[in-house]
Amino acid sequence: MKTVIKCVALLLAMLLFSLSSPALAAEPASGVIEGQLVNGTAGGSSVAGQTVTLTTYIGDAETGKSAVKSGADGRFVFNGLSTASGNSYEVKLRYQEADYTGRRLSLADNETTQSTTLTVYDSTDSDSAISITAAHTIIYLGAGNLEVVEYLIFTNASDRSYVGSGEITSTGSKRTLKLPPLPAEATDLQYGGELIVGRVLPDSNGLFDTSAVLPGEKLIAYSYKVSYNSGSYKFSQKVYYPIASYNFLVQGETTKATSSRLSPGQVVDFQGIKFVSLSGSALAPGETLNVQLSGLNQTGSPQTGSSRSGNQQTIILVALILFLVLGAGGGFVYMMKKRNPQPVSLEGSPEQLKRQLLLDLARLDDDFESGKIEKETYTKLRAERKSQLVGLMQGSKEESGRE
């Protein structure tokens, strides 16, 4: 009976509030997002008259779009936007066949205007400035299969966006980055990093991306599974771009890995999980990396266990911390997933914030999968973390373009 009374009282209070605040409900949206397009290419083309799109989100759900033309100086303005809590906005632009997205913006009740700068670049169909700064192959042992995870930092050293060459594909864009062919028996292919599902296509030579490669770094990750017999497997991968630094790790202290091109390293211990390592440098396009694996899973049971719980996508996401740590070089550092990451702090460097946000996203995924948090809470928190991460990464690209 008390519960019923409380519900009725709450309903009456909400009704009285809505009747007593007609002006508040009818108040027009007063938010403004203004900005400017800047061409980061030396002597680049004009950015006047470009169609700039503003996408509106509530949480992580898209709710609408509007478009304006940039002025002679590249400036644009969107008026009449909602300042309600939960709304956010993204400025987007397609310029010379490349897509650009600004950082996610939100308008608070006491902050009705946000300003942003979106750096674009002239495009090129040449991939001569494309290379791989660092690449890692990490193989986990499962019950009768290997889970292969590839992490690569592609670098565009020019001040032009590489948009590919040849014919337009089914995605509406040209072929850009070539990825190594997958084994014929590969299953459970998943993408991470800046690979977008639907923008990666297969052909007879493997996989290729169709998204433009902007100046700076592009983080790419993907994983797949392959079966093996009698405790052995031959790993083979073709090199399409110059690779400055390459690391190969396979789980299992008793596992043997041999290669004529890669040098053996020490057994590496990460949180009690041991990996045999190989490494190489200055790999040239046209080379083929061959690694013979033997002594796989000699204990007869999966060795991945609880230290690597979570789905493949979570594994890929967390492993991108490696690339945020390494940047354009440095020694080989591989961070295994932390089980109890701390809440995101607003202090520290952008790189520290990126790593912490990735860990938070992984923790949220695990908590949701295990039923520790409700879907509504999970969706809200994940959208917030993702928005912060996108903003940091986009900010890094914009800053790189201005240097």
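For SER260, SER88, which order do you get if you count the other beta carbons within 10 Å of each Cβ and list the fewest first?
Fewest-to-most Cβ neighbours within 10 Å comes out as SER260, SER88.
Quick one: 3J(HN,Hα) in Hz for segment 225-234, Karplus 6.51/-1.76/1.60 with θ = phi - 60°, rounded, Gly and Pro as x.
10, 9, 8, 9, 10, 6, x, 9, 7, 9
Treating segment 137-288 as a set of equal point scatterers at the Cα positions, no solvent, please give the Debye-formula log₁₀ I(q)/I(0) at q = 0.12, 0.17 Å⁻¹.
Reported log10 I(q)/I(0), two decimals: -0.57, -1.09.
Enumerate the calculated ³J(HN,Hα) couplings along segment 154-160 in order (Karplus 6.51 cos²θ - 1.76 cosθ + 1.60, θ = phi - 60°), each rounded to whole Hz, writing x wherever the residue is Gly or Pro.
The phi angles translate into 7, 10, 9, 7, 9, 10, 10 Hz.
Sort PHE235, PHE248 by Cβ crowding within 10 Å, fewest neighbours at the top.
PHE235, PHE248
Since every read-out is calculated from the coordinates, none of them should be taken as a lab result. Predicted, not measured: the structure shown is a model, and the values here were computed from it. Note that we place each Cβ from the backbone using ideal geometry, even for glycine, and neighbour counts take in every protein chain shown.
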